[in-house]
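Peer 1: Here's a structure for you.
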Amino acid sequence: MSTRRDFLRRSALVMAAVPMINNEMIASFRPSKKTGLALYTVRDAMGNNPAATLATAAETGYNWIEAADHQDGKFYGMKPKDFGRLAKKNGLVPLSSHSGLRPENYERMIDDAAEAGMMYIMLPMLPGDWYGTIDGFQRAADFFNKAGERSKKAGIKFGFHNHQIEFAEINGRVPFDVLLEQTDPRLVTFELDLAWITAAGKDPVAYFKKYPGRFEVWHLKDLTPEKHDATLGEGIIDFKPIFAAADTAGMKYWFLEQDNCRTHTPFESIKISRDYYLTKLAK
């Protein structure tokens, strides 16, 4: 069994092998051979030992990460700059965060993400009372534009991550389309979860063509016939035509994310998924 000392030793080796990464280097990254990890996939490990978990993610070959624990001005209990430094010490770019932005806290959360050195801040779900009506989604779009403007001032970009529910029609309208059509493309991007849009019965490529350039970030997970998330390559999604349309989508980065690892441990799953991407999907 690996000890904390083993993890720290491996972390030191990663630090020696990987140069320090700054924002100028982020801009030069291409999505073809680089890989990103949504830390929600390894959330239990991050809760127990963030340093060791980030070291393992780096050893597995991931290049950038997306945080999933942003509370009370901290990421995983660390001040923003400390979290950013820890990621970079392991050769990882802290590229994005899933953060619970609300009208009463969004300015502080945006500043936290900027202080950590991130490029994006993503809202993973709307407040509960914004769902269910078109008026609620219009209210969300207004908030997105406001958060996008504030994010721009902080030097980062605001985005929204979908689930299935945003594709369920309300009075003949698709709420996700409302969000896309009533937000400013200069201020708001979308982090398209390829599994959940597929589970909702929608075609990602059709959305890329209808709303070109709006999907700068993707979440990659596969999907079982029963619509459960799965490790890449072990489900039913044909990713090749989706990646072929990446330029139309405007995709710049993606993160492997798995909500529930049913057939492997989380660390096994992130390795299998990354290997599948590199051998089957990377250009």
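No value in this document is a laboratory result; all are computed from the given coordinates. What you see is a predicted model; the values in this text were computed from it and never measured. As a convention, Cβ positions derive from the backbone with ideal geometry for all residues, glycine included, and neighbour counts pool all protein chains shown.
Peer 1: Run the numbers for residue 49 and residue 181: contour at 0.36 nm per residue of separation, minus the present Cα-Cα distance, in nm.
Peer 2: Here the answer is 43.4 nm.
Peer 1: Sticking with this structure for a sec: Could you rank the peptides 40-51, 56-67, 138-149 by their average count of other C-beta atoms within 10 Å per residue, with the highest value first?
Peer 2: 56-67, 138-149, 40-51
Peer 1: With the contact rule set at Cα under 8 Å and sequence spacing of 6 or more, what percent relative contact order holds for region 70-141?
Peer 2: 29 percent
Peer 1: Can you give the net charge of the other residues whose Cβ lies under 9 Å from the Cβ of residue 230, counting K and R as +1 and D and E as -1?
Peer 2: Neighbourhood net charge equals -1.
Peer 1: Can you give the extra length, in nm with one decimal, that the chain gains between residue 139 and residue 247 once fully stretched, where that is 0.36 nm per residue apart less the Cα-Cα distance?
Peer 2: Length gained, residue 139 through residue 247: 35.9 nm.
Peer 1: A further question on this structure: Across every pair of different alpha-carbon atoms, what Kirkwood hydrodynamic radius in Å does region 193-283 reach?
Peer 2: When all Cα pairs of region 193-283 are included, the Kirkwood radius is 13.3 Å.
Peer 1: While we're here: Run the dipole for the chain about the Cα centre, Lys and Arg Cβ at +1, Asp and Glu Cβ at -1, nothing else charged, and hand back the magnitude in debye, nearest 20.
Peer 2: 1080 debye
Peer 1: Taking 8 Å as the Cα distance limit and 6 or more residues as the minimum spacing, I'd like the relative contact order of the chain as a percentage.
Peer 2: Once divided by the residue count of the chain, the mean separation gives 16 percent.
Peer 1: Projecting each Cα onto the charge dipole of the chain (Lys/Arg +1, Asp/Glu -1 at the beta carbon, about the Cα centre), which of 198, 63, 48 comes out farthest on the positive side?
Peer 2: Farthest towards the positive end: 63.
Peer 1: Let me ask another. Where both partners of a DSSP beta bridge lie in the chain, what percent of those bridges are antiparallel, to the nearest 5?
Peer 2: Expressed as a percentage, antiparallel bridges in the chain total about 20.
Peer 1: I'd like to compare 215-225, 72-82, 124-134: which one has the highest average count of other Cβ atoms within 10 Å, and what's the full order after that?
Peer 2: Sorting 215-225, 72-82, 124-134 by mean packing, highest first, produces 215-225, 72-82, 124-134.
Peer 1: Where Lys and Arg each count +1 and Asp and Glu each count -1, what net charge lies around residue 178 among other residues with Cβ under 12 Å from its Cβ?
Peer 2: The answer is -4.
Peer 1: Which option, (1) 7, 30, 37, 22, 4, 0; (2) 6, 27, 35, 23, 8, 1; (3) 6, 26, 30, 22, 12, 3, 0, is the value of P(r) over Cα pairs in 10 Å bins from 0, in percent that was calculated from these coordinates?
Peer 2: Entry (1).
Peer 1: Give the residues of region 227-242 whose amide nitrogen is closer than 18 Å to a point set 7 Å from the Cα of residue 260 in the direction of its Cβ.
Peer 2: 227-232, 234-236
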